[in-house]
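Participant: The structure is given below, and queries will be raised subsequently.
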Amino acid sequence: MGQCGITSSKTVLVFLNLIFWAAAGILCYVGAYVFITYDDYDHFFEDVYTLIPAVIIIGVGTLLFIIGLIGCCATIRESRCGLATFVLILLLVFVTEVVVVVLGYIYRAKVEDEVNHSIQKVYDEYNGTNTDAPSRAIDYVQRQLHCCGIHNYSDWRNTRWFKESRNNSVPVSCCKPNVSNCTGSLSRPGDLYPEGCEALVVKKLKEIMMYIIWAALTFAAIQMLGMLCACVVLCRRSRDPAYELLITGGTYA
């Protein structure tokens, strides 16, 4: 029964190391996705420290690739030193991912305050040109999230751009895609998105944080299983160095 448990632990450990390689790619993708998405919404979010979880998770993804390599070599060679190093690194990464989860929840709670504080300023800076970063950001968000204004399209009446243009119109990025010949005129409100952007930007940014949190939690659970299997092999290795090797002819460390 004990030998069966050892063999199963070693097999699971090798399989988990392959998962770590896949996890490394997934975590790096999640981190990159956060950076790319943040770039589209950064004008609505002044606190750059919210990118800290994304930076950490990319670092963890890179480290997981190295961990997978160490784990595979240590498990196949059944090296006590290698397995101990593997467990120690996994423990450090596990603690790091717990930090990522905590930071993710902290910054997720701050999203609404950040957006509320900055969104009016961004709309005030709108000038309707594609060369202006705030203008591009607002047009992008209104098209992507299907929204108009801060709370609704009437908020545009209070902006400098609206007062200077004097055409009683909002940007054409407020126009519904299925409406032809839409000029953004407030005389035809049915052509415009009725929902404001503030709530939708907050929702989108919170979703981004949740991607990080769930990715960290998922792979933290996998790492716990990896540490458990490695500890089982290590304990058996120290008590009985004559147990069955994973590869015939293997040598002990």
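The values are calculated or read from the model by the stated rules, or taken from the named source; none is laboratory data. Here the structure is a predicted model, which means the values were calculated and not measured. Here the Cβ is made from the backbone with ideal geometry for all residues, glycine too, and neighbour counts use every protein chain on show. Only protein heavy atoms, including side chains, enter the accessible area calculation; ligands, DNA and RNA are left aside. Shrake-Rupley method; radii C 1.70, N 1.55, O 1.52, S 1.80 Å.
Participant: Using a 1.4 angstrom probe on the protein heavy atoms only, line up LEU63, LEU88, LEU27 by accessible area, largest first.
Facilitator: Largest to smallest exposure gives the sequence LEU88, LEU63, LEU27.
Participant: Which FRET efficiency, nearest 0.05, do THR218 and CYS81 yield, Cβ-Cβ r, R0 35 Å?
Facilitator: 0.75
Participant: Now for a different question. How far, in nm, would the chain grow between CYS235 and ALA199 when pulled straight, counting 0.36 nm per residue and subtracting the alpha carbon separation?
Facilitator: 7.6 nm
Participant: Right, another one. For SER185, what residues show an amide H to amide H distance below 5 Å, using hydrogens built from the backbone and excluding near sequence neighbours?
Facilitator: VAL170
Participant: If you don't mind, there's one more thing I want to ask. Along the range 162-178, what does the Karplus equation 6.51 cos²θ - 1.76 cosθ + 1.60 (θ = phi - 60°) give for ³J(HN,Hα), rounded to whole Hz, x for Gly and Pro?
Facilitator: 5, 5, 6, 6, 6, 10, 6, 10, 9, x, 5, 5, 7, 6, 5, x, 8
Participant: Please turn the phi angles of the range 103-117 into ³J(HN,Hα) values with the Karplus equation 6.51 cos²θ - 1.76 cosθ + 1.60 (θ = phi - 60°), one per residue in order, whole Hz, x for glycine and proline.
Facilitator: Whole-Hz 3J(HN,Hα) from phi for the range 103-117: 5, x, 5, 4, 6, 5, 6, 8, 4, 4, 5, 5, 5, 4, 6.
Participant: To continue, here is another question. Using modelled amide H (1.01 Å from N, peptide plane; none on Pro or chain starts), what sits under 5 Å from the amide H of CYS148, excluding residues fewer than 5 places away?
Facilitator: Correct list: GLU195, GLY196, CYS197.
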